[in-house]
1. If the reach is capped at under 21 angstrom between alpha carbons, list the lysines near residue 83, excluding any in the same chain fewer than eight residues apart.
2. Taking Cα atoms, how many degrees apart are the long axis of helix 136-148 and the longest axis of the chain, rounded to 10 and kept between 0 and 90?
3. How much length, in nm to one decimal, is gained on full extension between residue 289 and residue 461, taken as 0.36 nm per residue of separation minus their Cα-Cα distance?
4. Taking the 0 to 90 degree range and rounding to the nearest ten, how far is the long axis of helix 50-63 tilted relative to the main principal axis of the chain, both from C-alpha atoms?
5. Apply 1/(1 + (r/R0)^6) to the Cβ-Cβ distance of residue 539 and residue 424, taking R0 = 30 Å, and write down the FRET efficiency to the nearest 0.05.
6. Before anything else, pin down the relative contact order of the chain: Cα pairs under 8 Å, at least 6 apart, normalised by residue count, whole percent.
7. Helix-derived [θ] at 222 nm for the chain: sum -39500 (n - 2.57) over DSSP H runs of at least 4, divide by residue count, nearest 500?
8. Determine by what factor the alpha-carbon radius of gyration of segment 357-442 differs from 2.2 N^0.38 Å, reporting the quotient.
Amino acid sequence: MDQYAAARAALDKKQLGAAERGFNAILKTSPRHIPAMRGLAIVRFMQKRVPDALALVRKAIDADPADVESHLQLAEFQLALKKLDEALAIVERACDAHVDSLIAWATLVRLYRLQGREDEMESRMLRALDANPDAVELMFHIGNMYGKTGDHERARAMFDRLLAVRPDHVEGRLQFANSLYFLKRYDAAFEQYEAVLRLDASRHFAWSQMGNVRLAQKRFPEALIAFQQALEVEPKSYDALIGAGATLWSLDHLDEAMTFARAALEVSPRGVAAFNNIGQVMAARKDDANAIAMFDRVHEIEPDSTIDAKISAAVSCLRLGRYAEGWRRYESRIPLDGAPVVERARYAGARRWNGEDLSGKTLLIVPEQGIGDTIQFSRFVPMVVQATRGRVVFAVNAPLFALFEDKAREWGPAGNLTLVTHKDALPPCDYFVPLMSLPLILGTRVETIPSAPRYLSAPERYRAKWQTALPDRGRLRIGLAWAGNPNHVNDRNRSMPIRFLAPLVSDASVDWCVIQPGLTEFDQRSLATVPHVLNAGPHLQDFGDTAALLDVLDVVVAVDTSVAHLAGALGRPLFLLLPWAAEWRWFHDRTDTPWYPSARLFRQPSLGDWEAVVDDVQKALIDFARAKAARTAAPPIQLGHDFIVQ
C-alpha cells in the first residue's frame, strides 16, 4: 500500500492522528499533491478546525482549478456548516465547468433534492446537454435519472444516444439493456447484455440479467444456465443466487431453490429477495405459517417496497383459513394493480367505500384479476345491494355480461343494481370498491362464506342450443377442462398436461365434452385421436353460453379455472383437480370447499403427481356412473387405455 492509500485508509477508519501524519508526510515532499491537501482538509474539519479545513481545500482549488473533486469537497464542507445556498452555488459552477463529471451532477441532484427542487434538475441537465451534445457522462446521468423515475422509454432513448457517441461505454450499454428489460423488450435486452459481456466478460450482473430475461420469458433452463454463468464469474453474486433460486422454484425443484435462497441470505443477511424466496419455497411446501414469518421479515426490513411479500403473506393467511387477518392483509394488493379491468381514471372522482351509508349515493363495484375471481366473489354483490339503501353499479368483464344480466334484475328488484361491462360508459359514482374487498367489509369468515348451492343460472336463450347438441341419451355427459389461461402466474402448477386425461376419455360410451377455448396445437392433435370427444370450445360465445352447456352435463372435471368456478356457482357436480399446493381458496388437504358445496376436491398427493389425481377421479366417476345408472338404468362406463401420441 502506497503512502497516500495508507493515509486514506486511516482516514476512512477515523484514525485521525495516523491520517494527519500520513498526509503531512506526503505534502512535505510533494507540496502540490492535491488529493493529500483534500485529505488533510477533511482531517482538519473532523477535528473541528474549520478555518484550517476551508483554507486547505481552497489552496487545493488554487493549485488546480480544474480539479472538480476539490470544488465538491468545499461544497460538502459548506453543506455540513448548513450553508446550503453556498454549497449549491459551488456545485452548480462545478457542473458548468465540468459538464461531463458524473460525480458533480450526482452531487447537484442531491442538493436540489434537499431544497425540494427535483423538478428543476431535468431542465438544467438538458440545457447543459444542448450546449455540450457529446457529454457522455451527462447523458449517462440523465438516463439514470429517467430510469429511477420509471420513465424507461426516455432512459432507453438517452442511453441509445450515449452509445452512438461511445459504443464501448460499458455502463451505458448495461443501462441501455436494463431499460429494454423494464420495457419488456426481452430479446433486444438479451442481445445488449451479451454485448456488455463482449466488452467486459467480468460483468456478472449482465449474466444475471440475461437469466432474469429468460426467467420472465419462462424459458427456465436457459435462465438457470445464465445464472450459473454469473456464479462462475462471482460465486457470491446475490442477484445470481436469487435468480437461480427463483428459477428452481419455477421448475418445482424446491430443495435446490431453498439452498440457493439460504446462500443468498448468507451473502446479504438483510436481503429481502432472499427472505421472499425462502417464503415462496415454504408456501410451495404447504408450510404457510413459517412462510408468513418470512414475508413479514421482508416487510420489517423494507416496509415501503414489499408489496409482493405482503400479498404472499395474505395469501398464506387465507389458505390457512385465517380470514380476518387474511382479508385485511390482502388489501395490500390494490397498489400493485397497474392495469385494472376498469381504469381508475374512469371513476377518479369516486371515493373508496369501506362500508359507509350509501343513502342517496352510487357505489361502483370494480372487477379485478381473473374471470373466475369475478364469478366466485359475485356472491357478495346481492349482499351489498340488500344491505345498502343506495344504488349499486356492478362492472364485469364483457364475456360475463350475459351470465349476470338476468341475475342483476333478480338481485336488484327495485332497480337499484345496474350491470355494465368493463368497456361501457360509467354513470357518475360517489364510491367505488374492488370486488375482492367485499369479504373484508362484510366481515366474512370461513364459517360465514355465502354457500348457496346455486347462486348463478344459465340464461334461457342459450339452453336449447346445448340441449340439442348434447341430448340426454342415457349416457354420462362429462365436461373437461384441463388447462387455464397460460399467462396466469401459477399456470405451470394449476394446468394439467393433456396426456393425463388418457385413462378417462378412452371410453366411447361416455359423451365427453371439452369446455375450454383456445386449445394448443398439441392438444388439438391429441383430441383428433378420440373423435367421440366433442370440442365445444370454438362454439362458446360467452360465459352465459358456457353456463347453458354446463347445465346439461352430469359432471364437470376441471382444474382450477373459470370453468370450475362457473360449475360450482351453478351448483353442478364438480370434480376439481388441484396441484400439491393449491391456491388459497381451496385451503389445505380438504376434499370439499365451503365456496362451492357441489364440488369435490382431488389433490396431488405429491408435487406434480397428476397421474394419482386422475386415478382418483377415474374411480369417483365410476361410482358416479353407477349411482346414475341405479337411478336411470344408464349403461356402465369403462375407463382406461391411452390415446396420446407423444
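1. 48, 59
2. Roughly 40 degrees between the two axes.
3. Value of the extension gain: 57.1 nm.
4. In the chain, helix 50-63 runs at an angle near 80 degrees to the longest axis.
5. The pair residue 539/residue 424 has a calculated efficiency of 0.70.
6. 7 percent
7. -17000 deg cm²/dmol, from helical runs alone.
8. Against the compact-globule rule of thumb, the ratio is 0.97.
The values are calculated or read from the model by the stated rules, or taken from the named source; none is laboratory data. Quantities reported herein were computed from a predicted structural model and do not represent experimental measurements. Neighbour counts are summed over all protein chains in view; Cβ atoms, including those assigned to glycine, are modelled from backbone coordinates with ideal geometry. SASA here: full protein model, heavy atoms, side chains in, ligands and nucleic acids out. Shrake-Rupley method; radii C 1.70, N 1.55, O 1.52, S 1.80 Å.
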